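Below: the structure, in structure tokens.
Read-outs: derived from the displayed coordinates by stated rules, not from any lab. No experiment lies behind these values; they were computed from the predicted model shown. Note that each Cβ is placed from the backbone with ideal geometry, even for glycine, and that neighbours are counted across all protein chains shown.
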Amino acid sequence: MIREILMISFVTLSTMASQLLIKNGVNTIAQRMPDLKGAQWLVAAVLSPSIIAAIAIQGVGFLVWVVVVSRMKLGIAFAISGGLFYFLIALSSWWLYGEKLGGAQWAGIFMITAGVLLMTLTAKA
């Protein structure tokens, strides 16, 4: 089970990294070319190095995810990944982009994490 948890952590971190790269890419586009709209914006996004890197990282994470779900229950794997993801993306968004969450939002994230812990500890192989 430890190997699967490590793979889930890798998938979660790759998903998080890709989301942060997408945010970086669209922020960069907005700063450099604020008047872009529609198809021009889409072309700029598709050609953005940050977004291309995000897609590549997400692709690798997807391949590892295929292995994970072949070895364990999807509900458990997804709960572990989700619990980690919500906490880490909120923390990273705050640190990198100055995005803030309120007390109720943090409480919700901690409840999700507690639920994941309960699912994991009570899961049968």
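Of the labelled options (i) 0.94; (ii) 1.06; (iii) 0.97, which one gives Rg/Rh (Cα atoms, Kirkwood Rh) as computed for this structure?
Looking at Rg/Rh (Cα atoms, Kirkwood Rh) for this model, the match is (ii).
Among ALA107, ALA44, LEU84, whose Cα sits farthest toward the positive end of the charge dipole of the chain (+1 at Cβ of Lys/Arg, -1 at Cβ of Asp/Glu, about the Cα centre)?
LEU84
Round to the nearest 10 and give me the degree value, 0 to 90, for the angle of helix 74-97's Cα axis relative to the longest principal axis of the chain.
The angle comes out near 40 degrees.
Straight-line reach only, C-alpha to C-alpha below 12 angstrom: list the aspartates and glutamates that LYS73 could link to, leaving out same-chain residues fewer than 8 apart.
Straight-distance partners of LYS73: GLU4.
Can you give the relative contact order of the chain as a percent, counting alpha carbon pairs under 8 Å and 6+ residues apart?
33 percent
Ranked highest first by the average count of other Cβ atoms within 10 Å around their residues, in what order do 36-48, 4-16 fall? The partial results should precede the final answer.
On the way: 36-48: 12.3, 4-16: 18.8.
Descending mean neighbour count gives 4-16, 36-48.
Enumerate the residues in segment 58-96 having an amide nitrogen under 14 Å from the point lying 7 Å beyond the Cα of ALA107 toward its Cβ.
Those under the cut-off are none; the list is empty.
If each residue of separation counts as 0.36 nm, what is the full-extension length gain between TRP95 and THR122 once their alpha-carbon separation is subtracted?
Here the segment from TRP95 to THR122 would lengthen by 6.4 nm.
Could you size up the charge dipole of the chain around its Cα centre, putting +1 on the beta carbon of Lys and Arg and -1 on that of Asp and Glu, and report it in debye to the nearest 20?
Details: 8 positive and 3 negative charges, 38 e Å.
Charge dipole, the chain, about its Cα centre: 180 debye, nearest 20.
Quick check: pseudo-label points 7 Å beyond the Cα along Cα→Cβ at VAL66 and ALA114, how many nm apart are they?
Placing both labels 7 Å along Cα→Cβ, they lie 3.9 nm apart.
Post the alpha-carbon centroid distance, segment 1-37 to segment 49-122, in whole angstrom.
So the two Cα centres are separated by 12 Å.
Tell me what the chain gives for mean residue ellipticity at 222 nm when only DSSP H runs of n ≥ 4 count, each as -39,500 (n - 2.57), the sum divided by the residue total, rounded to 500 deg cm²/dmol.
The per-residue figure over the chain is -30000 deg cm²/dmol.
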